Structure formats: structure tokens, C-alpha cells
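Since the structure comes first, as C-alpha cells, the remarks are kept for the end.
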Amino acid sequence: MRECTYIEATRETLIDALAGDPRTVLIGADVCGMGGRYQSAVGLRERFGPLRVRDVPMVGRAIVGVAAGAAANGARPILDLTPIETWLGALPEIAHLLLIAPKLCGERRSMPIVLRGLVGPGYSSGPFQSGHYHPLFAHLPGLRVVAPSSPTEGKGMLAAAIACDDPVLVLEPRRLLGETGPVPESPFPATLDRAAVARVGEALTMVAYGTMVGVARRAVETLDGLSIRAELIDLRSLAPLDPETVIASVAKTGRVLLVDDTFGRCSIMSELAAQIAVHAIDYLDAPIARLDASDRPIAFSPALEWAGMPAERDIVSAAEQLMRGD
Amino acid sequence: MKPAKLVLLTDTLRSLYEQMLRIRRAEERLVKSFHEGLIPGPFHSSLGQEAVAVGVCHHLRADDAVFGTHRGQGHAIAKGVDMTALFAEIYGREDGCCGGRAGPSFFASPRQGFVGAGIAPGTSVQLAVGAATAFQTLGSDQVAVAFLGDGAARSGTFFESAHLAADWKLPVVLICERNQFAGRRAAQGAGSGPAGAAARYFEIPGFEVDGNDVTMVYAAAFEGVRHAREGKGPMIVECATLRWRPFSESDMPSRPVEAGGPADTIDPLVMLADRLVDHHGAVSAELAEWDKRIRKEVDDSHRAAASSPWPSAATDEADSGDDRHA
């Protein structure tokens, strides 16, 4: 299969969507001048025209409400307002206009909106543009939240999000933007709401999503050398969550390590831990183990940017500890 | 800027009067219903502002989209929402236009092109700008209209939305009902026209008119809707009027609804009745006859709504998304 970067795969999906459905509108910061943040929309304005590819002036909250109004009246907007911090100011619009309001009318309007948000550190984006915030959004009923972990997943999940009639927040890990991987050239909408077994193993179950999948994958390879065969699960969908896939694995291994680069309180992994405790506690041979981000702000300096996130060595030693049972 | 003077036909004036009277009697009934305990939660009356809703909606087609405020009863009636469904919604009953789930501040009835009320100051503007984005993208000649109050005209999202409307040259008409209050406070600088200031700032053409004179609102909205429908971009119309009732009826006003507006207030309904009698050959017996007919219509709606059943969880569509979150 040919290889391309996450950004190139994203651009292909946007082209497929704009060419395939005249209702699709790409709305984003700088999508015209510089081709979108990180160049995922280069040339699209020229190809599809100013009504289909719209540059937004300096607005924050209103654009989410505007997208809600557009989606309720027949358009299918894709909002590219990276980084994710942009969406924090629009929480009322997301909670009320995207999620609650369409459910109140007798005819229950669909709300086909894709929100693309960049998450996590990378390129020294600094403390105010490197956050994760996945749990804040995953808490809201009706919002689908997905976290691609590779260029292939990025292409497939974005295509599925665009085809979906519900609002979908695609959290694109900044660290993966320039990463290269094998990606099919033709459009392929991936499934949106299931986790995937990324590597089969028997000794323990390791669960991660987004950026942490790649880090965990390297840890799994190191653990192979220590004769610990870990099963790696990529959650993919954070809302809805897919505890069944995880529980099926835990039933087999009896041990689970949850790896997350967001703060640990009220997080995706705290919810998953609760699901495992509720539904699978009898399968467990050891307490649920967790690695989360530390509570400090994400630093600007490249020397410290990743300091608060679980690293490969942290995952390896947590896995060893889990196997020893101490 | 003032709109060009229009000569209104007698038939047009009669039809405007009938709609204003319908809103007046419905609002009076609803205020009474609140104090009789029939309306759960707060209720925001638009008594005194009838000319604005009627003068604007007269120019709209059924498939044009109207977004009202939390004082949206008049907007809804003027746009053709069924009065019984409206009353039942406000009483929290199953036969309401949103099955009693949304209530007086948030209801919608999209089939009649009343796409939503209230939610928060300024949301009507965001949603209307979004609807206009959809109409423009899909090549439709539909028009979106947002009603907004003094509070919304001072909100951040209003400026953001107006900016987008101007930047994208959208088919949207923003109707600022300057009723001199923002919430429970007198609107700061109410005489200076904040929406008009935004209009000038973003170079959106607009009018400032006497919102109690329905013929002035009619003339301004005629130009605004035509301007938008012809693809010339947004317009803003500021209508100076007065809110007769408190912010919410739950503020326990001392003035009974029969007393009408404050002593020195011009009653838009009386203004039009005088014009009909003085210049258009109407006689007071005829006006009294209309009043009798409309009172009966309002009474019938009230009774049907009050005897509508309470909604039950079994018909609760709003909950049907929950199973997605296992």
C-alpha cells in the first residue's frame, strides 16, 4: 500500500467529501489563504469554490451555532477550527445547539456536523494550545467523540464522521500530523463506535487511544523481548465507549493496564475502569492499573513538552509491575 | 437610514391588525395562565411588541426560517405556528409543538418555518446565520430571519455572527427588537442602537424604525427580506418598542394584564386601529367583531391545551440517544 502523512490522508478525505456531496461545506480558519492549519485544505477553495470552502474571520463561539443552523437546514458542515482550545469557548453551543435543541422538536432533526479539533502537544504549541480535554466532550450525551491513532485511522474515521448524521468530534493528535503510514487511496469509511484489537497477546490487556497507541505499541514490542505478550486495544471511539471489546480481552488475560495522556480524574479511562469493575471484576487477577498525564500545564520547551505524559519506559515498568503483582 | 415609504392597501392593514390582535389576546391569556399556575417555570411575555413580529413575518414564505427570542410567542404566531400546539407546549403538555419537552423559552415548530426560540441571548442570530449559510450553499432563495433583543445585541456572539453574515454575504435579516430592557435591567445606552452600530461596523445596510408603527416595520422588513432574497447579503432592522411586562411573569408584577402598557406608552394595536378607522373605512363595531372572534379562537386553544395530557416517559424521544452511551 502507498504511504502518506496524516495530513495528506485528511486532505484526500475532504476532497472525497466535497466532491461526493454538494451539501458538504468546509468551514475553517485560514482554509483559503494558507490552506488550513497544517495545510490540510490546500487548493480546496480553488477547486470547490467559495460557497463550499469558507474561510472564517476571527470568531469563536458563534461558528458552532452557525454550523448548527446550517446543519438543521440541509447543509453538512465540517468545521476545522483547530486547536481544541477553540472549542472550549463554544461549550454552550455544543451542548445546547448541537446536542439538545435538535432532540426537542417532534421531528428530531439530524445534526450532521463534523468538528475537527487538534489535541495534545507537538511543535512546541505551548500550554494554551496543547491540551487534551477529551473527557469534557465525551461527557455530553449525543456527541460522538473519536480519537484516530494513525494516518489510516485518520482517513477512515474522518470519512465515517462526515457520513454520519450525528455531530462527531474528531480529535486529531497533533503529534501524528506529520507521521507517515500505509493509507488506502480510495475512500473507506471506517466504523465509528468500536474499539480494535491492535495486537493480540495473552499476558495482559493494555488499553490506549490517540497518540498513546503508538507509544504503547513500542512498549508492547519491548515487553515481547521480556517474554511478556501484551494485548493492545485501541479504543478509537471515546463516546460511545466500547467496553465489550476490552472486557472480552480482560476475560482472557485477567490483567489490565489503562494508558492515557489526559488528566486522570473523571476521564475516559476512569469511566472504562468503572465499566471493567462493574462488568468484569471476577475476571481480574490483579487490580486495574492506570497511567495518566500529570496535572501540570503542558510546557512550551521541547525538553519538557512530553514530560507529563506516559512514556514507553513508564508503560513497560507498569506492565512488569502488574505481572509481578506487587 | 429610513426605508422607502410604502402605501399599504386596506386589506394588508386589516390582515396586519388581525395578526397583531391574535398575538395580543394570546399573550394576555398566557399571562393570566401563568398567574393561575398553568405555566410551569418562567414565562416571558412579548406584550407591546406585536407590531415587530407581524410587520416582519408578513413578508416571509412558509419555507423561510425564523428564529425567535425567549419571548417568542409572537414570532411563532406571526410565522403560522398552530396556536393550540403553542399553548400546549407552554403548558408543558403532550400536544405541544415539542411534546412539552422544550417549554415557552425554547420551543420550535420547523414545519411552519419557526426553527427555534431563545435558548440564550444571541443564539437566534447564530442559528439564523447558519440557516442562511445552508440556503446560500444549496442555491435556495430561502431567507433566514433572527429576532433579537437589547441583551443579545450587546453579546459577543451577536458581533461574531454579524461579522460572518457580512463576510459571507448571507441571506439573513436581523431584527433587533429594542424593547429597552436587557434581562431585568434597563438596557444601557438603549437610545443609541447597538445593533445599528454593529451594522455600521461590518458595513451591513440597515434601518432604524418605530417598532410600534407596524407600517414602518413592514416597510423596513419588505426591503430587508427582498435584499436578502436577491442575494445582496444581510440587513439589520432596529425596531424601537417597549416591553410592557417584567422580564419574567415570575417576577410578580403588581400591574394586572388588563392595564396594558405603562401610562405614556403608545399601544401599537391602538395606533393601527385608529388608522383603520380614520383612513380605511373600518368602523369600531367591525373591530369589536374581530376581537370577539379572536378571543374565542384563543380561548379554544387555551382550553384544548389545558386539557392535553402530561407527557409520559414512554413517548420521550429526547432520551432515545442514551443507549449509545453504554
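No lab work stands behind these numbers, since they all come straight from the coordinates. Please read all numbers here as calculations on a predicted model, not as lab measurements. Note that each Cβ is placed from the backbone with ideal geometry, even for glycine, and that neighbours are counted across all protein chains shown.
Taken one residue at a time, the phi angles of region B:62-76 give Karplus couplings (6.51, -1.76, 1.60, θ = phi - 60°) of 4, 8, 6, 9, 10, 10, x, 9, 5, 9, x, 4, x, 4, 5 Hz. Gly and Pro are set to x.
With the Kirkwood sum run over all distinct C-alpha pairs, chain A has a hydrodynamic radius of 20.2 Å.
With the cut-off at under 20 Å, measuring from each backbone N in region A:118-136 to a point 7 Å along the Cα-to-Cβ line of A:A307 picks out A:120-132.
Phi-derived couplings, Karplus 6.51 cos²θ - 1.76 cosθ + 1.60 at θ = phi - 60°, listed residue by residue for region A:123-140: 6, 6, 6, x, x, 9, 9, 10, x, 9, 6, 3, x, 4, 7, 5, 5, 7 Hz, with x used for Gly and Pro. Need one word for the protein assembly as shown: rounded, prolate or oblate. Basis is the Cα gyration tensor (sqrt eigenvalues a ≥ b ≥ c); a/c below 1.5 gives rounded, then a/b vs b/c decides. Cα axes put the protein assembly as shown in the prolate bin. Here the simple spin-label model places points 7 Å from the Cα toward Cβ, and for B:D141 and B:E36 these points are separated by 4.6 nm. Rounded to the nearest 5, the antiparallel percentage of DSSP beta bridges internal to the protein assembly as shown is 15%. Counts of other chain beta carbons within 10 angstrom of each beta carbon in peptide A:53-63 average 6.
Per residue of B:135-147, how many C-beta atoms from partner chains lie within 10 Å of its own C-beta, taken as a mean? Show your work: numbers first, answer last.
On the way: counts 4, 5, 14, 8, 2, 2, 0, 2, 0, 3, 0, 1, 0.
Across B:135-147, the average partner-chain Cβ count within 10 Å equals 3.
Taking amide hydrogens as placed 1.01 Å from N in the peptide plane, the amide H of B:S248 sits under 5 Å from that of no residue at least 5 positions away in sequence or on another chain.
Between the listed residues B:G80, A:M309, B:H227, the Cα displaced farthest toward the positive end of the dipole of the protein assembly as shown, a dipole computed from Cβ unit charges relative to the Cα centre, is found at B:H227. The helix-based estimate of mean residue ellipticity at 222 nm for the protein assembly as shown, built from -39,500 (n - 2.57) per DSSP H run of four or more residues and divided by its residue count, is -11500 deg cm²/dmol to the nearest 500. Peptide A:97-104 shows a mean partner chain C-beta count of 6 within 10 Å per residue C-beta.
Counting lysine pairs in the protein assembly as shown that sit 8 or more residues apart in sequence, or on different chains, and whose Cα atoms lie under 28 Å apart gives 15.
Projecting the Cα atoms of B:Q19, B:F207, A:M111 onto the charge dipole of the protein assembly as shown, computed from C-beta unit charges around the Cα centre, puts B:F207 farthest toward the positive end.
Evaluate the charge dipole of chain B about its Cα centre and quote only its size in Debye, nearest 20, assuming +1 on the Cβ of each Lys and Arg and -1 on the Cβ of each Asp and Glu.
Numbers: 33 positive and 42 negative charges, 84 e Å.
With Lys and Arg at +1 and Asp and Glu at -1, about 400 debye.
The 3J(HN,Hα) values that the Karplus relation (6.51, -1.76, 1.60; θ = phi - 60°) gives for region A:112-122 are, in residue order, x, 10, 10, 9, 9, x, 8, 10, x, x, x Hz. Gly and Pro appear as x. Taken about its Cα centre, chain A carries a charge dipole of about 700 debye when Lys and Arg each add +1 at the Cβ and Asp and Glu each add -1 at the Cβ.
Under the convention that each Lys and Arg Cβ holds +1 and each Asp and Glu Cβ holds -1, the size of the dipole of the protein assembly as shown around its Cα centre is about 800 debye.
Calculated FRET efficiency, B:A288 to B:K5, Cβ-Cβ distance, R0 = 30 Å: about 0.45 to the nearest 0.05. Among B:A259, A:G264, A:T10, flag the residue with its Cα farthest along the positive direction of the charge dipole of the protein assembly as shown, charges on Cβ as +1 for Lys/Arg and -1 for Asp/Glu. Final value for the positive-end residue is B:A259.
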